[in-house]
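Okay, structure first, notes after.
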Amino acid sequence: MLKLLRYLKPPKNWHLQAIILIGAITGFGLYAAIESNAISYLSDDPKACVNCHVMTPEYVSWQRSSHREVTNCNDCHVPHDNYAKKMIFKAKDGLYHASVFTTKSEPQVIQMKEASAKVVQSNCIRCHENQITDANLSGTVANHFEHRTSKKCWECHKHVPHGRVHSLSSVKYYGKISEEHQETVPDWLKKQMID
């Protein structure tokens, strides 16, 4: 370990520049973490998903869905095998979303990548397994579970839980959210949606 530290230590004539560079990187990192409200992404709070405007239509449609009473965004969109896998997936997905948002290259209509689709499908089955499979048939019908779960759930349930509209320009139905749920929408988002 000492050998590595000696190797990384800059020559004496570069100490000031190294301190300035480390300070700038640290400062920029702290600024980015504070500005992006990075700590909120460690929670399961759905409001964290609307820190950037890209997820606004999904947040608003979830607010109007039956799922809002029993789930949050992470219940469906991150793996639940173990905590480490959950956090790694959130970090990977979050960095991708942040880079797309920062470079302003977000698509008009958001679609899941294959890895996300697998996670969502797995979570649909995890929560609704008793509704899609029959314990009596599992013992008598060959491949019962596979036949009942091989099709993507949203091939039939297209509007669950995010409604019919999925684009950045579709947020204007905010007024249809019940009064009790309007208070959970962040103030900056209310202003954006009313303007």
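The values are calculated or read from the model by the stated rules, or taken from the named source; none is laboratory data. All values reported here derive from a predicted model rather than from experimental measurement. As a convention, Cβ positions derive from the backbone with ideal geometry for all residues, glycine included, and neighbour counts pool all protein chains shown.
Got a number for residues in the stretch 102-123 being among the acidic types (Asp, Glu) and touching a residue at least 24 places away in the same chain (Cβ under 8 Å)? Explain how you work it out, then say what you get.
Of the residues in the stretch 102-123, the ones among the acidic types (Asp, Glu) are 106, 114.
Still in the running and touching a residue at least 24 places away in the same chain (Cβ under 8 Å): 106.
Result for the stretch 102-123: 1.
Rundown of residues vs (1) in contact with a Lys or Arg (Cβ under 9 Å, 6 or more places away or on another chain); (2) exposed (fewer than 12 other Cβ atoms within 10 Å of the Cβ); (3) within 27 Å of Lys151 (Cα to Cα); (4) not small (Gly, Ala, Ser), yes/no style:
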{"residue": "Cys76", "(1), (2), (3), (4)": "no, no, yes, yes"}
{"residue": "Asn82", "(1), (2), (3), (4)": "no, yes, yes, yes"}
{"residue": "Lys86", "(1), (2), (3), (4)": "no, no, yes, yes"}
{"residue": "Lys90", "(1), (2), (3), (4)": "no, no, yes, yes"}
{"residue": "Ser99", "(1), (2), (3), (4)": "no, yes, no, no"}
{"residue": "Glu114", "(1), (2), (3), (4)": "no, yes, yes, yes"}
{"residue": "Ala117", "(1), (2), (3), (4)": "yes, no, yes, no"}
{"residue": "Arg126", "(1), (2), (3), (4)": "no, no, yes, yes"}
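Please determine whether any residue of the stretch 22-36 is at pLDDT below 85 and either within 14 Å of the chain's Cα centre (by Cα) or not in a helix (DSSP H, G or I) (or both). Step through it out loud before you land on a result.
The initial filter retains those residues of the stretch 22-36 that are at pLDDT below 85, namely 32-33, 35-36.
Narrowing further to those that are either within 14 Å of the chain's Cα centre (by Cα) or not in a helix (DSSP H, G or I) (or both): 36.
So far as the stretch 22-36 goes, yes, one or more of its residues are at pLDDT below 85 and either within 14 Å of the chain's Cα centre (by Cα) or not in a helix (DSSP H, G or I) (or both).
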- Message: Go through (1) assigned to a helix (DSSP H, G or I); (2) surrounded by fewer than 11 Cβ atoms within 10 Å (Cβ to Cβ) for Val60 and report which single condition fails.
- Response: (2)
- Query: Among all residue pairs at least 6 apart or on different chains, which show Cβ distances below 7 Å where the first residue, located in the stretch 80-94, is within 15 Å of Ala38 (Cα to Cα) and without any contact (Cβ under 8 Å) to a residue 12 or more places away in the chain and the second is surrounded by 13 or more Cβ atoms within 10 Å (Cβ to Cβ) and of a type in the set (Gly, Ala, Ser)?
  - Reply: none
- Message: Name the single residue that is surrounded by the fewest Cβ atoms within 10 Å (Cβ to Cβ) among those in the stretch 1-50 being in contact with a helix residue (DSSP H, G or I) (Cβ under 8 Å, 6 or more places away or on another chain) and of a type in the set (D, E, K, R).
- Response: Asp44
